[in-house]
1. Output yes when any residue across the range 306-314 is assigned to a loop (DSSP other than H, G, I, E, B), within 17 Å of SER37 (Cα to Cα) and charged (D, E, K, R), and no when none is.
2. Could you run through the range 175-211 and say how many residues are out of contact with any Ser or Thr (no Cβ under 6 Å at 6 or more places or on another chain) and of a type in the set (Phe, Trp, Tyr)?
3. With respect to PHE79, is the statement that it is assigned to a strand (DSSP E or B), closer than 27 Å to SER200 by Cβ and at pLDDT below 95 true?
4. For PRO201, which of the numbered conditions (1) touching a Leu at 6+ places or on another chain (Cβ under 9 Å); (2) surrounded by 15 or more Cβ atoms within 10 Å (Cβ to Cβ); (3) of a type outside the set (A, V, I, L, M); (4) over 26 Å from ASP138 (Cα atoms) fails to hold?
5. Suppose we keep only residues that are surrounded by fewer than 21 Cβ atoms within 10 Å (Cβ to Cβ) and among the acidic types (Asp, Glu) within the range 175-196. Which one would you say is nearest to ARG113 (Cα to Cα)?
6. How many residues does the range 198-228 contain that are in contact with a strand residue (DSSP E or B) (Cβ under 7 Å, 6 or more places away or on another chain) and either under 26 Å from PHE135 (Cβ atoms) or hydrophobic (A, V, I, L, M, F, W, C) (or both)?
7. Which one of these is surrounded by fewer than 21 Cβ atoms within 10 Å (Cβ to Cβ), farther than 18 Å from ALA50 by Cα and β-branched (Val, Ile, Thr): THR236, THR242?
Amino acid sequence: MFESSRLKCGVLCLIVTGVQVTSPLPNGTSPRIAFASHRDGNWEVYVTDADGRHQNRLTTRGTQDRFPLWSPDRSKIAFGSQVGGIDWELWVMNADGTKPRPLCSHIVAKGFRQWSPDGARIVLAAAVERDIEIFSVDVGAGRLNRLTTSPGEDRDPSWSPDGRHIVFSSTRDGNSEIYVMRADGSELRRLTNDRGDDLSPAWSPDGSKISFVSGRDGARDIYVIRPDGRGRQRLTIGAQVTKDNPRWSPDGAHIALQTANQDNYDIQLVRVADRHRTTVAGTSAFDGQYSWSPDGAQLAFISHRDGFDAVYVTDLAGKHVNRLTSTPSLNPEWSP
């Protein structure tokens, strides 16, 4: 469900699902996990070591702060901040919580957004005059740049690893299909043409493939395709993948995905080379909101298995699971 409201910059903005000022972490600092916690009475952004130690609160304002997303160099964190109990704005701060500032006012920061590989921009989807389009935000200047103009809904933008292209889904030609364009919005190309909806595209780390979710054969499954639209392969059968954006492992060997079985949600991995699928988190409670560790050896995720939503870390076999938080927590994001 999308929400929208009017921006100071004169457009209606909304961030789709999946999300920096300049104080780099000290040299040698281990990757950390940013997350949102309700432990102090309202939602705020925290960071923790991967073993749950040294949990530090970064935001301290009276508004609700959630949806943290690290910049590629770990120096900044973008996050959503709720204003007046209604609208979610897109904010950015140093990785130590200093110098928080809004990037654009009255954005609903509750969906997928992504930093550019060079950390200069954030790509997102925004509602303009009842239409949803792709925008990028210049982090330094806070300037919004509209990249698409179509009568359909353009969603789920994802940068290519070299930062030169953006892949996204669009209903401009009827049902949802996958498109790619240059980072400035030019040279638009359609990659898929199917009777079912194609959604949630994501570029592989080496730029050779694009994964996406498709309902073309009934159940939603994971497919991959080359950036030129050729070489399409189906990786799962009957997975019932949710619309939450699947995520490639840092080495490109696996794709993490969320599956739905009636009201239950689990986290699975599919190995790209041979399509082997395994369950990493599969309790009778909700398991989702996953993020890869930078070495690809673990996943941080949210689970309700202990009676409340908490941050957990697991190995890829799902055998060594460690709970990091003891109060309601959401939106874990591992730093690069």
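The values are calculated or read from the model by the stated rules, or taken from the named source; none is laboratory data. The shown structure was predicted, so the numbers you read here are calculated from the model rather than taken from an experiment. Here Cβ is always computed from backbone atoms with ideal geometry, including for glycine, and neighbour counts include all displayed protein chains.
1. yes
2. 0
3. yes
4. It is condition (4) that PRO201 fails.
5. ASP184
6. Number satisfying all stated conditions: 18.
7. Among THR236, THR242, only THR242 is surrounded by fewer than 21 Cβ atoms within 10 Å (Cβ to Cβ), farther than 18 Å from ALA50 by Cα and β-branched (Val, Ile, Thr).
Table: residues versus (1) in contact with a His (Cβ under 6 Å, 6 or more places away or on another chain); (2) in a loop (DSSP other than H, G, I, E, B); (3) of a type outside the set (Gly, Ala, Ser).
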site	(1), (2), (3)
ASP194	no, yes, yes
ALA202	no, no, no
GLY207	no, yes, no
SER211	no, no, no
ARG216	no, yes, yes
GLY231	no, yes, no
ILE237	no, yes, yes
ASN245	no, yes, yes
PRO250	no, yes, yes
